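These notes concern the structure reproduced below.
Please treat every number below as a calculation from the coordinates, not as lab data. Given the structure is predicted, the values throughout are model-derived calculations rather than measurements. Using ideal geometry, Cβ is built from the backbone for each residue, glycine included, and neighbour counts are taken over all protein chains shown.
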Amino acid sequence: MIGLQGISKHYGRQALLADASLQLNPGEKVGLVGPNGSGKSTIFRLLVGDEEPDGGEVLVPKRLSIGYFRQDAGEGSERSVLDEAIAGCGELGALHHEIEELEHAMSDPDRADELDAILARFGEVQGDYQQRGGYELDARTREVLHGLGFDDERIDGPMSALSGGWRMRVAIAQVLIQAPEVLLLDEPTNHLDLESILWLEGFLKASPAAILMTSHDRDFMDRIVTRIVEIDEGDLVSHTGDYADYERAREVRAKQSEAAYTRQKAMLKKEERFIERFEKQASKAAQVQSRVKKLDKIDKLEPPKKRVLVPFEFPTPPRSGNDVATLKGVTKGYGDRAVYDGLDFEVKRGERWCVMGVNGAGKTTLLKLVAGVLEPDAGEVRLGASLKLGYFAQAALEILDPTLTVWEQIDHAFPTATTPSKRSLLGCFDFPGDEIDKPIRVLSGGERSRLVLAQMLFDPPNFLVLDEPTNHLDLATKEMLVKTLAGFDGTMLFVSHDRTFLRGMANRVLDLSGGGDDVARKPLVCLDGYEGWVERTGHEAPGVWR
């Protein structure tokens, strides 16, 4: 249906793809994986014609409909969210708005002399629109926007009122509404909460479209794809199964490569020893020459390359008092909307609270109240004795100085620490070798998040307050972070939409929506961690039933 054949692609001296091939069959759902910078987004751009290959062929049938979601939110406009979603959904959206314009033209007395031509065009457009299912477009658009977390007030409100994250959701909606034959999705879960991710899972599983996607959400990938394509040293390697199957196959392949390299290395060493020993003996000259020729013909194996992120072993934080945070009778609102009305909540030493809740339940607000970023309208927020609090939110990225390099940022933050310890820290957070010399101003969102987390954990607080700490982190870095924090001997309060992080970290759950039926007055408390909460409530996110 769609694919790449013998593709080569270079950027300057860097070869991203070398004689690489890929085929996406009708209805197939494929996950595209590879380290940051390996060429995943480049493959999408090649398939949609935004870039040309240096060699090889892009195979895309002319009449094939393709929907492509990329990490580009676009600018806000004064159109309503509904109109923007419809306008951006391809030819059907264009027909929708042309019908509206023709209807206005038919009722415009100043264009009465054009009425026959307008009516003729209206008949053509209306027929095409009806045949494509256009009269269900409004309802379908609302359904998709609701699934992605929009309420009716936001749907009918202006695009200009939305943040970048919410505009990204509109961009996803535009692609889904098209109902194309092929969906190309570049990190579609980056700006979604857990409720929206679960809705999108169901939507994509039920879609008849062929799907090629990248995602840093392992559960999301596992539940949708039936094949993984890995970018490996410029080649595209296919693995049947989901991400878990791919990991097992990759581990087997890595062991086989390591064994083959070790065997060849031993054989070469043995042959070289023979040559060195007998090269000056005339009686062995023929054998020596034979072995020299044999070695010249052998294709030398490269040592297997591994990307291994070792969990960082940080110092034990100072011990806090037993009462870490206490909220009594807390009230907090925004305008006429009350988020909390008399909230009581306690965090004890060693507890790891995950805060759950539907959109608008007040998850981030709670973390800001505890961190002292916000003050309650009424009630009291009290922190315990001997407390050293570390607060991570997307705004925390602003603590980085764009004029510095990665190394300079850490070196300035910890001037008395040893160079090996700082290099070890940066290596754990995937800044190896020359990567530490990258200017902060050119770092991606994921790289900035890694650097802030590294700086926070080098001299660890005993109370971590984390708002979406895994946003933009790739799968390997997320797994490293979970393993690192598993050894954290302090207290945690966090919001996350990543189920790997939730399962690995939470031993307590505070569900601000009371179990899933809108925003309840009294939160639901579960002392059995995230998996216990899922078992108790019957769903993986508030308001999303299994």
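Some points to look at:
- Calculated FRET efficiency for the pair Asn507/Ala385, C-beta based, R₀ 22 Å, to 0.05: 0.45
- The spacing between the range 447-505 and the range 1-54, judged by their C-alpha centroids, is 32 Å.
- For the range 1-127, a simple Cβ point-charge model (Lys and Arg +1, Asp and Glu -1, everything else neutral) yields a dipole of about 1160 debye relative to the Cα centre.
- Positive-end residue of Val144, Val229, Gly157, charge dipole of the chain with Cβ unit charges: Val229
- For the chain, the relative contact order is 14 percent, taking Cα pairs closer than 8 Å that sit 6 or more residues apart in sequence and dividing their mean separation by the residue count.
- Pair-distance profile P(r), taking every C-alpha pair of the range 323-545, with 5 angstrom steps and integer %: 1, 7, 14, 17, 18, 15, 12, 8, 5, 2, 0
- Seen from Ala385, the other residues with C-beta closer than 14 Å to its C-beta sum to a net charge of +4, counting Lys and Arg as +1 and Asp and Glu as -1.
- What you get for the range 323-545, charging only the Cβ of Lys and Arg (+1) and of Asp and Glu (-1), is a dipole of about 300 debye around the Cα centre.
- Divide the volume of the convex hull around the Cα atoms of the range 78-180 by the residue count and you get 98 Å³ per residue.
- Whole-number percent relative contact order across the range 232-346, with pairs defined as alpha carbons under 8 Å at least 6 apart: 16 percent
- Cα centroid of the range 244-320 to Cα centroid of the range 395-411, whole Å: 39 Å
- Projecting the Cα positions of Val33, Leu184, Pro415 onto the charge dipole of the chain (unit charges on Cβ atoms of Lys, Arg, Asp and Glu, taken about the Cα centre) puts Pro415 furthest along the positive direction.
- Candidate aspartates and glutamates for bridging to Lys269, where Cα separation is under 18 Å - those fewer than 8 sequence places away on the same chain excluded: Glu258, Glu279, Asp296, Asp299, Glu302
- For the range 190-283, the calculated P(r), taken from all Cα-Cα distances in 5 Å bins from zero up to the bin holding the longest distance, is 2, 10, 14, 15, 11, 9, 7, 6, 5, 5, 4, 4, 3, 2, 1, 1 percent.
- Considering only Gly335, Thr500, Pro208, and ranking their Cα positions along the charge dipole of the chain that arises from unit charges at the beta-carbon of Lys, Arg, Asp and Glu, the one farthest toward the positive end is Thr500.
- For the chain, a simple Cβ point-charge model (Lys and Arg +1, Asp and Glu -1, everything else neutral) yields a dipole of about 3940 debye relative to the Cα centre.
- Shape call, the range 72-125: gyration tensor on alpha carbons, a/c limit 1.5: prolate
- Listed residue pairs exceeding 32 Å between alpha carbons, taken from Lys40/Lys255; Lys332/Lys388; Lys40/Lys270; Lys332/Lys438: Lys40/Lys270; Lys332/Lys438
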